[in-house]
């Protein structure tokens, strides 16, 4: 069993903690006394296993590549922003703009996410165990957003090729977002993603949403939708 290297924010600065993580090529690390500090575990570019003991502030695990980061509490705005690969898991709730502009990897929230989860996502897979707030999936280009709970208003507003799956209620859909059929291929793909995220949920109980493609190119006939 790998023994984690402890990085204690009671004695180290955030800059020192991040420098230690960014300079490592492998290994397990545990960040102690996180205390809601901002920008923890950002810019990682190695196959590290990082556990943040407590709550994290803004932009935790931003720009992640290859690393696996677990937050044993809540996380603030912009968690996993621009993630490229690897995995980020939050054991409780997150604030707004979860995994904004994420290009790849897997982001798992065991609790709920606030507004604009998955905004402008570009390939990342996001699985939220609870609810998401309004404007989630806004301008989502590619990737998947999976919500085991309910969604707030304007889900998938101005969505492109991303896919959204919701098990609970949807307050309203945004511009150019429509419900789409769940084919066998979608159910199978969703089941695999749910299992990878650690959720025991029936993929057939979800609804799928995506783009109606009316906003791909400007048309005067669709002026009211812009």
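What tally of residues in segment 144-156 results from selecting those that are assigned to a strand (DSSP E or B) and closer than 18 Å to residue 195 by Cβ? Talk me through it step by step, then tell me what you get.
Step one: filter segment 144-156 for residues assigned to a strand (DSSP E or B), giving 144-147, 151, 155.
The next check asks that each one be closer than 18 Å to residue 195 by Cβ; those that pass are 144-147.
So the count comes out to 4.
Against the conditions (1) in contact with a strand residue (DSSP E or B) (Cβ under 9 Å, 6 or more places away or on another chain); (2) surrounded by fewer than 17 Cβ atoms within 10 Å (Cβ to Cβ); (3) over 20 Å from residue 105 (Cβ atoms), where does residue 74 fall short? Just the number, please.
(2)
Could you tell me which numbered condition residue 67 fails, if it satisfies all but one of (1) over 19 Å from residue 118 (Cα atoms); (2) surrounded by fewer than 19 Cβ atoms within 10 Å (Cβ to Cβ)?
The single condition residue 67 does not satisfy is (2).
Please go through segment 134-151 and pick out each residue that is within 23 Å of residue 91 (Cβ to Cβ) and surrounded by fewer than 19 Cβ atoms within 10 Å (Cβ to Cβ).
Within segment 134-151, 149, 150 qualify.
So, residue 108, is that one assigned to a strand (DSSP E or B) and surrounded by 23 or more Cβ atoms within 10 Å (Cβ to Cβ) or not?
On the way: assigned to a strand (DSSP E or B): yes; surrounded by 23 or more Cβ atoms within 10 Å (Cβ to Cβ): no.
Judged against the criteria, residue 108 is not a match.
Checking residue 159 against (1) under 17 Å from the mean Cα position of the chain (by Cα); (2) surrounded by fewer than 22 Cβ atoms within 10 Å (Cβ to Cβ); (3) assigned to a loop (DSSP other than H, G, I, E, B), which single condition isn't satisfied?
For residue 159, the failing item is (2).
From the list 119, 126, which residue is touching a residue at least 24 places away in the same chain (Cβ under 8 Å) and within 10 Å of the chain's Cα centre (by Cα)?
Details: 119 fails: touching a residue at least 24 places away in the same chain (Cβ under 8 Å).
On inspection, the qualifying residue turns out to be 126.
Report yes if residue 115 is surrounded by fewer than 20 Cβ atoms within 10 Å (Cβ to Cβ), touching a helix residue (DSSP H, G or I) at 6+ places or on another chain (Cβ under 9 Å) and not in a strand (DSSP E or B), otherwise no. Please lay out each step first, then the result.
Working: surrounded by fewer than 20 Cβ atoms within 10 Å (Cβ to Cβ): yes; touching a helix residue (DSSP H, G or I) at 6+ places or on another chain (Cβ under 9 Å): no; not in a strand (DSSP E or B): yes.
Considered against the rule, which asks whether it is surrounded by fewer than 20 Cβ atoms within 10 Å (Cβ to Cβ), touching a helix residue (DSSP H, G or I) at 6+ places or on another chain (Cβ under 9 Å) and not in a strand (DSSP E or B), residue 115 comes out as no.
Among (1) touching a strand residue (DSSP E or B) at 6+ places or on another chain (Cβ under 9 Å); (2) in a loop (DSSP other than H, G, I, E, B), which single condition is residue 62 missing?
Result: residue 62 fails condition (1) only.
So, residue 17, is that one closer than 18 Å to residue 72 by Cα, more than 19 Å from the chain's Cα centre (by Cα), assigned to a helix (DSSP H, G or I) and touching a residue at least 12 places away in the same chain (Cβ under 8 Å) or not? Working first, answer last.
Numbers: closer than 18 Å to residue 72 by Cα: yes; more than 19 Å from the chain's Cα centre (by Cα): yes; assigned to a helix (DSSP H, G or I): yes; touching a residue at least 12 places away in the same chain (Cβ under 8 Å): yes.
Here the answer is yes, as residue 17 does meet what is asked.
Being free of Cβ contacts under 8 Å to residues at least 24 places away in the same chain, surrounded by 23 or more Cβ atoms within 10 Å (Cβ to Cβ) and not in a strand (DSSP E or B) is the filter here; which residues of segment 82-105 pass it?
97, 100 - these are the residues of segment 82-105 that are free of Cβ contacts under 8 Å to residues at least 24 places away in the same chain, surrounded by 23 or more Cβ atoms within 10 Å (Cβ to Cβ) and not in a strand (DSSP E or B).
Go through segment 165-206 residue by residue and tally those that are within 19 Å of the chain's Cα centre (by Cα), loosely packed, with under 15 Cβ neighbours inside 10 Å and in a strand (DSSP E or B).
Residues that pass the stated criteria total 0.
Only the coordinates and a few stated rules stand behind these numbers; no lab work does. On a predicted model such as this, the values are computed, not experimentally measured, just so you know. Don't worry about glycine lacking a Cβ; one is built from the backbone with ideal geometry, like all the others, and counts go over all protein chains shown.
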